[in-house]
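A short write-up of the structure that comes next.
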Amino acid sequence: MIKKMSVYSHPLIHHSMDPEAQEETREDYDDKQVVTEIMARCFIPPVTTATAWEGFHFVGHEIRITEATDCYGAVVWPSALVLCYFLETNAKQYNMVDKNVIEIGAGTGLVSIVASLLGAHVTATDLPELLGNLQYNIFRNTKMKCKHLPQVKELSWGVALDENFPRSSSTFDYILAADVVYAHPFLEELLVTFDHLCKETTVILWVMKFRLEKENKFVDRFKELFDLEEISSFPSLNIKLYKAMKKNRRNA
């Protein structure tokens, strides 16, 4: 779980409050503290360059990400920062070293870059039109820095899964996903993709921002196939971090 500092002695928590009110105040304060720390990992370059980029500090590296503001998939959203922070601060419990990791909806590649810097064999996937920028970001931030050079591969949810990711050879220890659920018409295809890529021992680490009722319904559908555990919640961002595994893994 993302570490949160204790606030039991903080002046905001007055001893005259009832226990339930105190607990709500603690959670609100913890949330804001951790979110502030996560967002502090992002910085804007002091000098304008020919190619616009945004900077991030993770795993002891400065990561430079080029975005494309005309495409939702090529922007770094807060969910990606939450997942990167979690991977870094929980590297012992969720050890990435030499693990086979796939990120779906990789976008700009920030999460894949952090997983690579943590020692994983990473396959970063997204739609064809995003692969150029994704490849550029991953190459510039991992070359000569990572134990395993990340791969970039096309993945359109629900399309040609058996051909491009055959179950016999596509074995992943972790599936990473940040903000892949939103108001788009491919939620069923996304669920099929999760199911196809996930073996009995695969761990899904999924960060989700709740916006519309569609997201709640997707979570309900997801629970039909996977055991879902909420690891952390960030009310100020309306974001939750989940861990999931296939329901039938115990019968394997």
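The values are calculated or read from the model by the stated rules, or taken from the named source; none is laboratory data. Computed from a predicted structure; not experimentally measured. Reconstructed Cβ throughout: ideal geometry from the backbone, glycine too, with neighbour counts over all protein chains shown. Surface accessibility is based on the protein's heavy atoms, side chains included, excluding ligands, DNA and RNA. Shrake-Rupley method; radii C 1.70, N 1.55, O 1.52, S 1.80 Å.
Just round it to a whole percent: the fraction of Cα-Cα distances in segment 52-137 exceeding 19 Å.
Summing the P(r) tail past 19 Å for segment 52-137 gives 33 percent.
Provide the FRET efficiency to the nearest 0.05 for the GLN151-ARG41 pair, computing r from the beta carbons and using R0 = 25 Å.
0.50
Can you compute the FRET efficiency between TYR136 and HIS57 using 1/(1 + (r/R0)^6), with r the Cβ-Cβ distance and R0 = 25 Å? Round to the nearest 0.05.
0.80
What shape does segment 164-233 have by the C-alpha gyration tensor, where a ≥ b ≥ c are the square roots of the eigenvalues, rounded means a/c under 1.5, and otherwise prolate means a/b greater than b/c and oblate the rest?
Judged from the Cα gyration tensor, segment 164-233 comes out prolate (a/c at least 1.5, a/b above b/c).
Which pairs, out of LYS209/LYS247; LYS32/LYS243; LYS32/LYS247; LYS99/LYS243, put more than 28 Å between their alpha-carbon atoms?
Violating the 28 Å limit, Cα to Cα: LYS32/LYS247.
What is the gain in length, in nm to one decimal, between LYS199 and ASN238 on full extension, counting 0.36 nm per residue of separation less the C-alpha to C-alpha distance?
11.1 nm
How large is Rg over Rh for segment 124-210, taking Rg from the Cα atoms and Rh as the Kirkwood inverse mean of 1/r across Cα pairs?
Reported Rg/Rh, Kirkwood definition of Rh: 0.96.
How much accessible surface area, in Å² rounded to 10, belongs to the heavy atoms of LYS223 with a 1.4 Å probe?
100 Å²
Using a 1.4 Å probe on the protein heavy atoms, what percent of the accessible area of segment 106-252 belongs to carbon and sulfur?
Taking all protein chains in place, segment 106-252 shows 51 percent carbon and sulfur surface.
So if each residue of separation counts as 0.36 nm, and I subtract the Cα-Cα distance between ALA68 and ASN95, what length gain in nm does that give?
Extra length available between ALA68 and ASN95 comes to 6.6 nm.
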